[in-house]
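K.L.:
One structure coming up, written as structure tokens, with questions to follow.
The values are calculated or read from the model by the stated rules, or taken from the named source; none is laboratory data. Owing to the predicted nature of the structure, the values given are computational and were not obtained by experimental measurement. Note that each Cβ is placed from the backbone with ideal geometry, even for glycine, and that neighbours are counted across all protein chains shown.
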Amino acid sequence: MLNFVARRLGVMVLTALALTFVVFYLTNLPPNLEKLARTEGSVRMTDQAVASWIENNGHGGSVFGRYAQWLGIAPGWVLTDAKGVTRGRCIQGNADAATAATYCGVLQGEWGFSTVFKKPVLDSVLQKLGSTGWLMMWVMIVMVPCSLIMGVLSGMREGSRLDRSLSIVAIATTATPEYVSGVILVAIFASATAGISPILNEWGWISSKTLFLGTATSAMDKITFWNFALPVMTIALYGIGYIARMTRASMTEVMTQQYIRTARLKGVRFRDVVMKHALRNALIAPFTVIMLQFPWLLNGVVITEALFNYKGFGWTLVQAAGNNDIDLLLGCSVVAVLVVLVTQLISDIGYVFLNPRIRLA
Amino acid sequence: MDETTLLSWGQIIARIATQFLPVWIALILTFAISIRYKRRLGLYGKLFDSPVGMVGFLLVMFWVYTAIFADMIITMDPIAQFGRVKNPPPGTPLKDVVEGQYAYFLLGADHLARDVFSRVVMGARRVLTIAPAATTFAFIMGVTLGLPAGYFGGKLDTVLSFLANLVLAFPVILLFYLLVTPEIRNTGIPVVLAAVLFIFPVIFFCTLFNARFFTNPPKRNLYVGITLAIGLWAYAGLAFNADPLGVWSMDPNLLNVFVSVVFVNSPTVFRIVRGIVLDLKARDYVAAGQTRGEGPWYIMLWEILPNARGPLIVDFCLRIGYTTILLGTLGFFGLGVSPESPDWGSTIDDGRKLLSLYLHPAITPALALMSLVLGLNLLADGLREESLKD
């Protein structure tokens, strides 16, 4: 077991290095650096001035060297200009060059400075992650039980009418990406001109114009049912169908096993067969699927936060990418890549723990 | 606006139904012929035994025919702006109608007074040209790499699987933000990616024919020669925009989008193909082929691949739907498409900013996208069910 975990961790570190290098390479392409030079320096810089700005701010040299600096395994750059002022990657503001650290990369906790939010990247990423954490938590609370119940109900009697109708629902939700379901949910529940809100307002059941709020900006301060339900549903809906279908497939397979037939022939009630014999075996596969669903959720989070104007991690990523904020984008990527890899690891290890039939060599 | 009244919903639906007339005719013909001869049409014919599959096929074909007949269906120029009224509701009559112009905004117009109905119809054409093509490329790449990875195993498999997992671990949206930007076009990365991705169909078909006909050199030379001639001609045009005759070419924006979508999709196909091959290579017919002394590529391409077609066809349908969603995501974030492009994602993005006041500019493309993907998913479900029966 320890061997297995160690090997998985090794592959994970390798993957993380490769992925962050790709992101570093793509964000530090020459056109992006030129754009950065023009926004940080002056828009009317000559091409020559841009080139020297890039050189003087530590963006010159080989991409591997800069990546190593960013990571914190190579000494940060230090340059002394014509006036005798020494500046460097690790020298902040007017700090003395002599006392500055030699290494300052992601590994040392120096994530750089965000040009959009005008504060350190690590601070803004952590703060936004907190907001997204709430969103994710509610999505999980809604999505996991709903999809498991749907999957088990439709899988326990394959081909029944309940199975058919639940399957259609599951297919329909997987066909509705977040930007579509978000628009439809707003149309039905949060529009002053269409859907159910005008009717409820006319009947005097609600005093405000709309039943739910169409934006989740107010949820940044205080989460209520009325400002948070729509974003949570938007993300959860897309996942529900997928997990439910996986659960159904696993459940139908378990229901054809010999031990289920034996239990039925012994005279155990159908309900007990499902609850005691089938469920535990049927839920192994969905666990993996739920874990692997995290990268997907990340996608949904970005879309939903943009759609509902909820200032979380996804919203930050969009801002960083849209404003060429290289350090912030790199920071977001590190977090995203880590989330994906850690969930993959948990799913692998968890699968082995849950399924005693897998014996490790 | 006061002198003329809005159309009622009944009138709007009737007028839309009339505009779609070519689609209805084509659908009726397709279904009549298919149901008449369904016993002779193999898996496609069996589709008409499953109600779910039939509904899915109906939805998909509706949009396919809409894309084909889009020029006849649209009522107005999808890019042009009509009048100064912003966001007129469905059924609004046009002011100052010129002779020969359609007199109503059937489903309203957007904030730039562009006709929503015509934009959605034209959007179908855009989506249905890119999505299936991108999926096909992703499939050919996944199959070409997945077959040897599963069949030979060993180091090749380890390296390829690691690369595939690398791409899969990348959050899709981040990849899009990094790959589909105007700046990246100047660096030539999309062209390099295209050069790598687009060579796979040529390799695939050359190997396919060579593996089968290498015992008969004249025939082999003919097939491989034709493949190379057409393939490399298209390759030069699509990847490098260097077609001497100017038949094959791709807009740099479109190339960027296309390459990214193929790049994101192919690792999943690779994994599926690899899994199927691992399962199938223990079968008797593979052992028989090996005993006969057949080459590994013959066994992979002419023995294993045809037997893996069932799950691959099903996944192909699902993947077109997924690609459609991806293209919509790109449009939704305004990546890689021109601002006035009528594709569904960007139309939803345009419309969502005023969503709480005006629904129609966003909800129409949203429903269109949903129905197409739903159709593809139902079709895949029907195909899966029917292919499992035999």
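K.L.:
Check A:Val5 against each of (1) more than 23 Å from A:Leu328 (Cα to Cα); (2) modelled with pLDDT under 80 and name the one condition it does not meet.
P.N.:
If we test A:Val5 against (1) more than 23 Å from A:Leu328 (Cα to Cα); (2) modelled with pLDDT under 80, just (2) comes out false.
K.L.:
For A:Gly267, work out the one condition from (1) within 14 Å of chain B (Cβ to nearest Cβ); (2) on the phi > 0 side of the Ramachandran plot it doesn't fulfil.
P.N.:
Going through the list (1) within 14 Å of chain B (Cβ to nearest Cβ); (2) on the phi > 0 side of the Ramachandran plot, A:Gly267 breaks only (1).
K.L.:
Moving on. Could you list, in sequence order, all residues of region A:36-60 that are under 16 Å from A:Ile326 (Cβ atoms) and not polar (S, T, N, Q)?
P.N.:
The initial filter retains those residues of region A:36-60 that are under 16 Å from A:Ile326 (Cβ atoms), namely A:36-41, A:50, A:53-54, A:57-60.
Matches in region A:36-60: A:Leu36, A:Ala37, A:Arg38, A:Glu40, A:Gly41, A:Val50, A:Trp53, A:Ile54, A:Gly58, A:His59, A:Gly60.
K.L.:
Moving on. Hey, can you tell me all the residues within region A:1-39 that are under 18 Å from A:Val106 (Cβ atoms) and of a type in the set (Gly, Ala, Ser)?
P.N.:
Once the filter is applied, which keeps residues that are under 18 Å from A:Val106 (Cβ atoms) and of a type in the set (Gly, Ala, Ser), region A:1-39 yields A:Ala16, A:Ala18.
K.L.:
Separate question: Does A:Ile141 count as part of a helix (DSSP H, G or I), free of Cβ contacts under 8 Å to residues at least 40 places away in the same chain and in the same structural domain as A:Phe225 (by TED's automatic domain parsing)? Outline the logic, then answer.
P.N.:
Values: part of a helix (DSSP H, G or I): yes; free of Cβ contacts under 8 Å to residues at least 40 places away in the same chain: yes; in the same structural domain as A:Phe225 (by TED's automatic domain parsing): yes.
Against the criterion (part of a helix (DSSP H, G or I), free of Cβ contacts under 8 Å to residues at least 40 places away in the same chain and in the same structural domain as A:Phe225 (by TED's automatic domain parsing)), A:Ile141 qualifies.
K.L.:
Ok, one more. Starting from residues that are among the polar types (S, T, N, Q) and touching a residue at least 24 places away in the same chain (Cβ under 8 Å), keep the ones in region B:150-193 and report whichever is nearest to A:Asn323 (Cα to Cα). If you could, list the steps in order and put the result at the bottom.
P.N.:
Taking region B:150-193 and keeping what is among the polar types (S, T, N, Q), we get B:158, B:161, B:165, B:181, B:186-187.
Now narrow it down to the ones that are touching a residue at least 24 places away in the same chain (Cβ under 8 Å): B:161, B:165, B:181.
Working: B:Ser161: 35, B:Asn165: 29, B:Thr181: 12 Å.
Once the filter is applied, the top-ranked residue is B:Thr181.
K.L.:
A further question follows. Got a sec? Which of A:Val232, A:Val180 is more than 10 Å from every other protein chain (Cβ to nearest Cβ), assigned to a helix (DSSP H, G or I) and either in contact with a strand residue (DSSP E or B) (Cβ under 6 Å, 6 or more places away or on another chain) or closer than 30 Å to A:Ala285 by Cβ (or both)?
P.N.:
Numbers: A:Val180 fails: more than 10 Å from every other protein chain (Cβ to nearest Cβ).
Testing whether each residue is more than 10 Å from every other protein chain (Cβ to nearest Cβ), assigned to a helix (DSSP H, G or I) and either in contact with a strand residue (DSSP E or B) (Cβ under 6 Å, 6 or more places away or on another chain) or closer than 30 Å to A:Ala285 by Cβ (or both) leaves just A:Val232.
K.L.:
Only one of (1) in contact with a Pro (Cβ under 7 Å, 6 or more places away or on another chain); (2) over 22 Å from B:Leu327 (Cα atoms) fails for A:Thr304. Which number is that?
P.N.:
With respect to (1) in contact with a Pro (Cβ under 7 Å, 6 or more places away or on another chain); (2) over 22 Å from B:Leu327 (Cα atoms), A:Thr304 is out only on (2).
K.L.:
Being under 30 Å from A:Thr217 (Cβ atoms), in a helix (DSSP H, G or I) and more than 14 Å from every other protein chain (Cβ to nearest Cβ): is that true of A:Ile290 here?
P.N.:
Numbers: under 30 Å from A:Thr217 (Cβ atoms): yes; in a helix (DSSP H, G or I): yes; more than 14 Å from every other protein chain (Cβ to nearest Cβ): yes.
Against the criterion (under 30 Å from A:Thr217 (Cβ atoms), in a helix (DSSP H, G or I) and more than 14 Å from every other protein chain (Cβ to nearest Cβ)), A:Ile290 qualifies.
K.L.:
What number of residues within region B:169-188 satisfy the criterion of being at the interface with chain A (Cβ under 8 Å from one of its Cβ atoms) and in a helix (DSSP H, G or I)?
P.N.:
11
K.L.:
Within region B:331-390, track down each residue that is within 10 Å of chain A (Cβ to nearest Cβ), under 23 Å from the mean Cα position of the chain (by Cα) and outside any helix (DSSP H, G or I).
P.N.:
B:Phe333, B:Gly334, B:Leu335
K.L.:
Consider A:Leu307 carefully, then state whether it is of a type in the set (A, V, I, L, M), assigned to a helix (DSSP H, G or I), surrounded by fewer than 20 Cβ atoms within 10 Å (Cβ to Cβ) and assigned by TED's automatic domain parsing to the domain that holds A:Pro177. Full working, then the answer.
P.N.:
Working: of a type in the set (A, V, I, L, M): yes; assigned to a helix (DSSP H, G or I): yes; surrounded by fewer than 20 Cβ atoms within 10 Å (Cβ to Cβ): no; assigned by TED's automatic domain parsing to the domain that holds A:Pro177: yes.
Considered against the rule, which asks whether it is of a type in the set (A, V, I, L, M), assigned to a helix (DSSP H, G or I), surrounded by fewer than 20 Cβ atoms within 10 Å (Cβ to Cβ) and assigned by TED's automatic domain parsing to the domain that holds A:Pro177, A:Leu307 comes out as no.
K.L.:
Okay, moving on. Determine which member of the set B:Ala113, B:Ala103, B:Ala109, B:Ala133 is small (Gly, Ala, Ser) and within 16 Å of the chain's Cα centre (by Cα). Write out each step before concluding.
P.N.:
Working: B:Ala113 fails: within 16 Å of the chain's Cα centre (by Cα); B:Ala103 fails: within 16 Å of the chain's Cα centre (by Cα); B:Ala109 fails: within 16 Å of the chain's Cα centre (by Cα).
Residue meeting the stated conditions: B:Ala133.
K.L.:
Moving on to the next point. Search region A:1-21 for residues that are within 10 Å of chain B (Cβ to nearest Cβ) and pair each with any residue that is outside any helix (DSSP H, G or I) when their beta-carbon atoms are under 8 Å apart and the residues are at least 6 apart or on different chains.
P.N.:
Correct list of pairs: A:Leu19/B:Phe170.
K.L.:
Further question: Among A:Ala192, A:Ala172, A:Ala187, which is the only one that is surrounded by fewer than 18 Cβ atoms within 10 Å (Cβ to Cβ), at the interface with chain B (Cβ under 8 Å from one of its Cβ atoms), hydrophobic (A, V, I, L, M, F, W, C) and assigned to a helix (DSSP H, G or I)?
P.N.:
Details: A:Ala192 fails: assigned to a helix (DSSP H, G or I); A:Ala187 fails: surrounded by fewer than 18 Cβ atoms within 10 Å (Cβ to Cβ).
The unique qualifying residue is A:Ala172.
K.L.:
In region B:16-104, which helices (runs of 4 or more DSSP H) lie fully inside it and hold 1 or more residues that are over 19 Å from B:Thr364 (Cβ atoms) and among the hydroxyl-bearing types (Ser, Thr, Tyr)? Working first, answer last.
P.N.:
Details: elements: B:21-36, B:42-46, B:51-68, B:70-73.
Here the list reads B:21-36, B:42-46.
K.L.:
Among residues belonging to region A:25-66 that are more than 14 Å from chain B (Cβ to nearest Cβ), part of a loop (DSSP other than H, G, I, E, B) and of a type in the set (A, V, I, L, M), point out the one that is farthest from A:Val116 (Cα to Cα).
P.N.:
A:Met45
K.L.:
So, one more: Given (1) under 29 Å from A:Leu297 (Cβ atoms); (2) buried (at least 17 other Cβ atoms within 10 Å of the Cβ); (3) among the charged types (D, E, K, R), identify the lone condition not met by A:Lys119.
P.N.:
It is condition (2) that A:Lys119 fails.
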